[in-house]
Amino acid sequence: MEGVHVVDHPLVQHKLTLMRTDSRSTKGFRQLLNEIGMLLCYEVTRDLPTELVDIETPLQPMKAPMIAGKKLVFAPILRAGVGFLDGMLDLVPSARVAHIGLYRDPETLQAVEYYFKAPSDLADRLTIVMDPMLATANSAVAAIDRLKARGAKDIRFVCLLAAPEGIKRLRDAHPEVTIWTAAVDSHLNDHGYIVPGLGDAGDRMFGTK
Ligand code: U5P
């Protein structure tokens, strides 16, 4: 699938199966989302450019690689996207964070914005937008529209599960935004839930069901 990376690493797939399981506790679900966030972060940053810098080892000077350019921006879509954030920040502690508050209107399934706070210099940074579920993609498209309006140019999207409908909509709306996901599921149901999916990620993560 063009523009979509499915992260099929056995650790990711194993953890995803544990998360899908209906009997998983809130604590277990949150912990697994955090762990998968870290593993997905490893994949989404795989091709970041590096530059050689001069350092001194205890034995001698050398030129060694460091990540080049400005710090990354992690942009979780509230509230479920927050589940990825700690794991990603564990790997990239100096990243900046943009919070995007969107809720999905249960009738229209349209994304409604209630909060937006981002670093001012988005144009110079890689922005990684995150939400565990890419369902209709209304939220992802709205978040990316908003980030672009604030200057972001280099954007990637990370999720745990994607529906084919959501992938198509996001790729149509923002063709240059590449998607990383742990799995592509069968379809969306009439309520906009991913099938077979894992239910409502926010509710399962925060125990609000
Ligand atoms: N969502 C779920 N589970 C699903 C489908 C959607 O939790 O099976 C929630 C997620 O919290 C996500 C939002 O933030 O809906 C994305 O929906 P959409 O805008 O892609 O339709």
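A short reminder: the numbers here are calculations on the coordinates, not readings from a lab. In this text the structure is predicted, and so the values were computed from the model without any measurement. When we count neighbours, we look across all protein chains shown, and the Cβ atoms used for this are built from the backbone with ideal geometry, even at glycine.
Using the Cα coordinates of region 149-209, the gyration tensor eigenvalues translate into equivalent-ellipsoid semi-axes of 24, 15, 11 Å, sorted from longest to shortest.
Pairwise inverse Cα distances across region 1-53, averaged and inverted, put the Kirkwood hydrodynamic radius at 12.8 Å. The helix-only estimate of mean residue ellipticity at 222 nm for the chain, built from DSSP H runs of length n ≥ 4 each weighted as -39500 (n - 2.57), is -10000 deg cm²/dmol after division by the residue total. Dimensions of region 57-105 based on its C-alpha atoms, expressed as ranges along the principal axes with the largest first, amount to 60, 19, 10 Å. The ellipsoid that matches the Cα gyration tensor of the chain has semi-axes, each √(5λ) in whole angstrom, of 30, 20, 16, with the longest given first.
Taking the average, over residues, of other Cβ atoms within 10 Å as the packing measure, peptides 124-135, 24-35 rank 124-135, 24-35 from highest down. Comparing Ala140, Ala123, Ala98 in a Gaussian network model of the chain, where Cα atoms under 10 Å apart are tied by springs, the biggest mean-square fluctuation is seen for Ala123. Only beta bridges with both residues in region 1-137 are counted; by DSSP, about 60 percent of them are antiparallel. If R0 is 22 Å, the Cβ-Cβ spacing of Thr108 and Asn189 corresponds to a FRET efficiency of close to 0.85. Highest mobility in the GNM of the chain, judged by mean-square fluctuation with C-alpha springs under 10 Å and restricted to Ala64, Ala162, Ala149, is found for Ala64. Taking other Cβ atoms within 10 Å as a rough exposure proxy, Thr181, Thr50 sort from fewest to most as Thr50, Thr181.
With a threshold of 26 Å on the Cα-Cα distance, the over-threshold entries among Lys15/Lys117; Lys71/Lys153; Lys117/Lys153; Lys70/Lys117; Lys27/Lys148; Lys148/Lys168 are Lys15/Lys117; Lys27/Lys148.
Gaussian network model of the chain, Cα springs within a sub-10 Å range: biggest mean-square fluctuation belongs to which of Leu11, Leu85, Leu102? Top of the fluctuation ranking is Leu11.
The orientation-averaged projected area of the convex hull spanned by the Cα atoms of region 56-154 comes to 7.7 nm². As a proxy for reagent exposure, ranking Glu43, Glu107 by other Cβ atoms within 10 Å from fewest up yields Glu107, Glu43.
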